[in-house]
Amino acid sequence: MKRMILFNILCLLFLTSCDSGCSTDMQGRGVTVSITTDKAVYNPSDVVRFSTDKALPATAMVRYRYLNETLEVAPLRGQSWSWQTPASDFKGYMVDVYDIIDDEEYVYGSIAVDVSSDWSRFPRYGFLSEFAEMSDERMSGIIDTLTRYHINGLMFYDFENKHHKPLAGTPESPEKCWYDIAKRTNYLSTVRGYITKAHNRNMMAMFYNLAYGAWKDAADDGVSREWYMYTDASHSTVDNIYLDDNWSSSIYLLDASNTIWQDYLDRQNADLYSVFYFDGFHVDQLGNRGRELYRYDGTPIDLPATFAPFLNSMKAKAQDKRLIMNAVDQLGQEGIATAGVDFLYSEVWTPTTYAGLAEVITDNNAFCNNAKNTVLAAYMNRGLSDQKGFFNLPGVLLAESVIFAFGGSHIELGEHMLVHEYFPNANRTMSVELQRAMVSYYDFLVAYQNILRDGGTFNAVDITSTDRQMTLNSWPPQSGNVAVQGKLTGNRQVIHLINFSTASDLFWRDDDGTRTVPLKYYNARFDITVSGEVSKVWYASPDYNHSSSSEVAFVQNDDVISIAIPYMQYWGMIVIEYR
């Protein structure tokens with residue numbers, strides 16, 4: 001035991017004596033490789049096929065890890081290889097390619113692998129919003145990119161013919177193309193092609209539609225005036241979203257709890273499923289309408305209370321299909337959480353702070369007794385959505401850090417990155433630097449999903465910056481500080497450090513794209529109060545070493561351990577394992 005303590009002391013002294021040239025930024029040294037896999041997610045015992053974009057020295061090795069535990073190490077032979085995943089379900093793994101150079105480990109590159117038989121456990125939702133006639137090569141390129149981000153489900157946004165009649169034509173004779181709500185021409189071949197390509201990568205394909213939308217000609221298709229929602233008790237005005245002549249129609253709103261409407265829409269969905277092999281229905285709503293609503297007979301409508309009956313009806317009528325429903329600003333989320341949805345989906349508007357963003361996730365956990373994970377629709381740089389330009393990288397990564405650290409994921413990736421609630425808006429684009437960073441962040445989300453998104457209890461942690469590099473405060477964040485959030489999961493104490501050191505405000509959306517790059521910290525030292533004998537400490541960050549974890553030397557003195565972490569910029573995760 002004394003020898004181990006002496007070894008840890010020596011390691012700690014070495015770490016703390018290094019300056020910033022001690023190669024804390026491992027990605028800056030030598031060769032790096034990009035690694036890809038053939039699917040976005042795998043079933044237990046599946047074979048994963050890996051490829052790299054360049055050859056590596058003959059001394060390179062490939063390592064497979066669950067959290068920080070090494071499962072297997074093998075020589076790297078060529079630029080492609082395969083690995084049979086373990087038989088355990090719902091696990092995330094990190095696969096890194098590395099070498100020993102001058103007695104120091106150097107990671108060339110890494111990639112995460114999700115082994116989950118059902119996407120609902122760890123949803124990573126993406127979208128598609130363009131369905132014009134396009135080449136097979138272009139569709140494949142988009143799906144390839146989303147596969148690298150480990151996206152395991154896709155929303156097909158506004159592909160439909162009409163909200164009340166989503167299939168153009170009939171099941172026996174579907175139309176080859178049709179106009180959508182924005183008068184865009186969508187193609188049957190494109191929608192079918194995308195579904196097939198998504199399924200080939202083990203992604204789920206979900207069709208998008210409102211729970212309660214109809215076009216101006218809905219009566220011609222059999223929709224009754226008695227099914228709508230009205231803004232007056234005498235049913236003279238149907239509640240609607242007015243759209244001008246640039247659109248195909250305004251959208252008129254029905255009572256989602258009306259059982260005859262539910263039966264009607266179910267028949268329309270059945271027609272759709274017979275032509276397109278969608279896995280389920282992504283249900284949208286329009287949030288709080290800001291007015292009293294009435295049925296045709298004059299009885300008032302409690303809008304949030306209509307959603308759970310609608311979902312239960314859709315599930316009962318198509319039991320083999322999946323359901324997701326958007327809770328706009330959490331409207332109806334408590335009821336939605338008890339219905340048959342795969343996970344909780346929240347479109348975030350009024351919680352404008354980072355603390356509010358995290359609270360949406362923790363509220364959702366409470367609504368479903370921690371049984372379902374959360375996906376957030378949260379539109380970065382929304383204030384710039386009418387202007388061409390790049391997303392602001394610091395704003396995106398800081399919001400990502402908060403969402404992922406609190407166990408959520410973020411619908412944002414498709415043919416482009418989301419900037420607006422109308423998904424085809426592609427005015428903001430990702431820089432090459434942001435694309436690379438997002439690969440690391442999604443690798444991190446997958447590789448460590450079993451401590452980020454697989455249960456556990458958030459808790460307060462007693463941690464002190466002993467070299468005073470960082471000014472720390474317990475969550476919620478404070479401008480100028482590094483925020484600390486703990487989480488207990490099994491025998492592990494997780495400590496998230498999220499860097500608000502240069503944040504002049506705490507608004508997550510970064511509407512005007514002015515969030516600045518936070519300070520970088522090298523070999524930062526801490527004392528941490530612990531609750532038992534520590535067996536291991538390790539550290540990982542999406543900003544460091546390709547998201548690959550590294551063991552951290554520690555010294556334990558009674559109920560305090562002393563450690564140093566090699567590098568942190570946006571988000572770092574310390575994991576303490578107890579015996």
Qualifying strands (runs of 3 or more DSSP E) (wholly inside the stretch 155-262; at least 1 residues being within 19 Å of Met314 (Cβ to Cβ) and touching a strand residue (DSSP E or B) at 6+ places or on another chain (Cβ under 9 Å)): 204-210, 251-253
Set Glu400, Glu415, Glu433: member being outside the structural domain of Tyr64 (by TED's automatic domain parsing) and closer than 23 Å to Leu210 by Cα: Glu415
Of all residues in the stretch 313-323 being over 19 Å from the mean Cα position of the chain (by Cα) and in contact (Cβ under 8 Å) with a residue 40 or more places away in the chain, the one that is nearest to Leu154 (Cα to Cα): Lys321
Residue satisfying condition, being aromatic (Phe, Trp, Tyr), closer than 24 Å to Asn240 by Cβ and touching a Lys or Arg at 6+ places or on another chain (Cβ under 8 Å), within set Phe281, Phe276: Phe281
Subset of the stretch 527-553 that is surrounded by 23 or more Cβ atoms within 10 Å (Cβ to Cβ) and of a type in the set (Phe, Trp, Tyr) - its residue that is nearest to Ser34 (Cα to Cα): Tyr544
Residue list for the stretch 100-145, restricted to those being polar (S, T, N, Q) and touching a Pro at 6+ places or on another chain (Cβ under 9 Å): Ser116, Ser117, Ser129
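Residue-by-condition table, conditions (1) assigned to a strand (DSSP E or B); (2) modelled with pLDDT under 95; (3) under 26 Å from Arg453 (Cβ atoms); (4) among the polar types (S, T, N, Q):
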| position | (1), (2), (3), (4) |
| --- | --- |
| Gln485 | yes, no, yes, yes |
| Gln493 | yes, no, yes, yes |
| His496 | yes, no, yes, no |
| Ser501 | no, no, no, yes |
| Arg509 | no, no, yes, no |
| Thr516 | no, no, no, yes |
| Ile528 | yes, no, yes, no |
| Gly532 | no, no, yes, no |
| Val537 | yes, no, yes, no |
Complete set of residues in the stretch 199-253 that are of a type in the set (D, E, K, R) and free of Cβ contacts under 8 Å to residues at least 24 places away in the same chain: Asp220, Asp244, Asp245
Conditions (1) in contact with a helix residue (DSSP H, G or I) (Cβ under 9 Å, 6 or more places away or on another chain); (2) within 17 Å of Asn209 (Cα to Cα); number of the one not met by Ile324: (1)
Qualifying position, being touching a Gly at 6+ places or on another chain (Cβ under 7 Å) and not hydrophobic (A, V, I, L, M, F, W, C), among Asn269, Asn312: Asn312
Restricting the stretch 379-396 to residues that are of a type in the set (A, V, I, L, M) and surrounded by 24 or more Cβ atoms within 10 Å (Cβ to Cβ), the residue that is nearest to Asp329 (Cα to Cα): Met380
Residue in the stretch 408-422 that is over 21 Å from Ile565 (Cα atoms), touching a residue at least 40 places away in the same chain (Cβ under 8 Å) and over 19 Å from the mean Cα position of the chain (by Cα) present: no
Any chance Thr24 is among the β-branched types (Val, Ile, Thr), assigned to a loop (DSSP other than H, G, I, E, B) and modelled with pLDDT under 95: yes
Any hit, the stretch 236-256, residues being buried (at least 20 other Cβ atoms within 10 Å of the Cβ) and β-branched (Val, Ile, Thr): yes
Yes/no for Phe310 being surrounded by 21 or more Cβ atoms within 10 Å (Cβ to Cβ), closer than 16 Å to Tyr212 by Cβ, touching a residue at least 12 places away in the same chain (Cβ under 8 Å) and touching a strand residue (DSSP E or B) at 6+ places or on another chain (Cβ under 9 Å): yes
Selection within the stretch 397-433 - surrounded by 18 or more Cβ atoms within 10 Å (Cβ to Cβ), among the aliphatic types (A, V, I, L, M) and within 30 Å of Ala132 (Cβ to Cβ): Ile411, Leu413, Met417, Leu418, Val419, Met430
Selection count, the stretch 88-133, where residues are part of a strand (DSSP E or B) and of a type in the set (S, T, N, Q): 1
So Phe526, is it farther than 19 Å from Val402 by Cβ, touching a residue at least 40 places away in the same chain (Cβ under 8 Å) and among the hydrophobic types (A, V, I, L, M, F, W, C): yes
Test for Asn381: is it modelled with pLDDT of 95 or more and on the phi > 0 side of the Ramachandran plot: yes
Leading residue by the ranking (surrounded by the most Cβ atoms within 10 Å (Cβ to Cβ)) among those in the stretch 78-115 that are free of Cβ contacts under 8 Å to residues at least 40 places away in the same chain and closer than 21 Å to Met203 by Cα: Trp83
Of all residues making up the stretch 436-473, the number that are outside any helix (DSSP H, G or I) and either more than 22 Å from Pro566 (Cβ to Cβ) or assigned by TED's automatic domain parsing to the domain that holds Leu398 (or both): 11
Meets criteria (in contact with a Phe, Trp or Tyr (Cβ under 6 Å, 6 or more places away or on another chain), at pLDDT 95 or above and not assigned by TED's automatic domain parsing to the domain that holds Lys197) for Tyr294: yes
Set Ser501, Ser474, Ser479: member being touching a residue at least 12 places away in the same chain (Cβ under 8 Å), at negative phi and loosely packed, with under 15 Cβ neighbours inside 10 Å: Ser479
Any helices (runs of 4 or more DSSP H) falling wholly within the stretch 324-407 and containing at least 1 residues that are under 18 Å from the mean Cα position of the chain (by Cα) and touching a residue at least 24 places away in the same chain (Cβ under 8 Å): 354-367, 393-405
Matching residues in the stretch 268-294 - criterion: being within 22 Å of Ala316 (Cβ to Cβ) and part of a loop (DSSP other than H, G, I, E, B): Phe276, Tyr277, Phe278, Asp279, Gln285
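The values are calculated or read from the model by the stated rules, or taken from the named source; none is laboratory data. Please read all numbers here as calculations on a predicted model, not as lab measurements. A quick note on method: Cβ atoms are made from the backbone with ideal geometry, for glycine too, and the neighbour counts reach across all protein chains shown.
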